[in-house]
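Novice: Below you will find the structure I want to go over with you.
The values are calculated or read from the model by the stated rules, or taken from the named source; none is laboratory data. This is a predicted model, so every value here is computed, not measured. Here Cβ is always computed from backbone atoms with ideal geometry, including for glycine, and neighbour counts include all displayed protein chains.
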Amino acid sequence: ADLTAVLRAEPWQAAAWYRRQRCREATVSLTVLREARPDEADADLLRDQPLSFAAEHRRHALRPVVTTTVQVPNPSAKTAPATRDVPAHDPFAALEEEST
């Protein structure tokens, strides 16, 4: 299956405290940073591929990556309470009634 489709189907695995912070959002937009395929020309380059772990000669090579986003449902989302029929508030209505 396509990686993006698989990630959309996977439940959001953020910590509970973080999900509570985003409880007003029914869906969340998650950034996906993945290795670029050889045929993808629009990849960005990151220097994070380790070549040497030696403390005095630590080196990293360039790695092509593609950044995308996926929308996933928020399992901690709170639905808005049902709205009541509230009359429209017009503060100038009282002034208009007095002037007539």
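Novice: Among the residues of the range 44-60, is any out of contact with any Lys or Arg (no Cβ under 9 Å at 6 or more places or on another chain), of a type outside the set (A, V, I, L, M, F, W, C), within 27 Å of residue 5 (Cα to Cα) and at pLDDT below 90?
Specialist: For the range 44-60, residues out of contact with any Lys or Arg (no Cβ under 9 Å at 6 or more places or on another chain), of a type outside the set (A, V, I, L, M, F, W, C), within 27 Å of residue 5 (Cα to Cα) and at pLDDT below 90: absent.
Novice: Now for a different question. Return the only residue of 2, 42, 48 being touching a residue at least 24 places away in the same chain (Cβ under 8 Å) and surrounded by fewer than 12 Cβ atoms within 10 Å (Cβ to Cβ). Working first, answer last.
Specialist: Numbers: 2 fails: touching a residue at least 24 places away in the same chain (Cβ under 8 Å); 48 fails: touching a residue at least 24 places away in the same chain (Cβ under 8 Å).
One residue alone meets the criteria, 42.
Novice: Next question, about the same structure. Output yes when any residue across the range 52-60 is without any contact (Cβ under 8 Å) to a residue 60 or more places away in the chain, among the aliphatic types (A, V, I, L, M) and outside any strand (DSSP E or B), and no when none is.
Specialist: From the range 52-60, those without any contact (Cβ under 8 Å) to a residue 60 or more places away in the chain are 52-60; that's our starting set.
Among the residues that remain, those that are also among the aliphatic types (A, V, I, L, M) are: 54-55.
Applying the additional criterion that residues be outside any strand (DSSP E or B) yields 54-55.
Yes, the range 52-60 contains a residue that is without any contact (Cβ under 8 Å) to a residue 60 or more places away in the chain, among the aliphatic types (A, V, I, L, M) and outside any strand (DSSP E or B).
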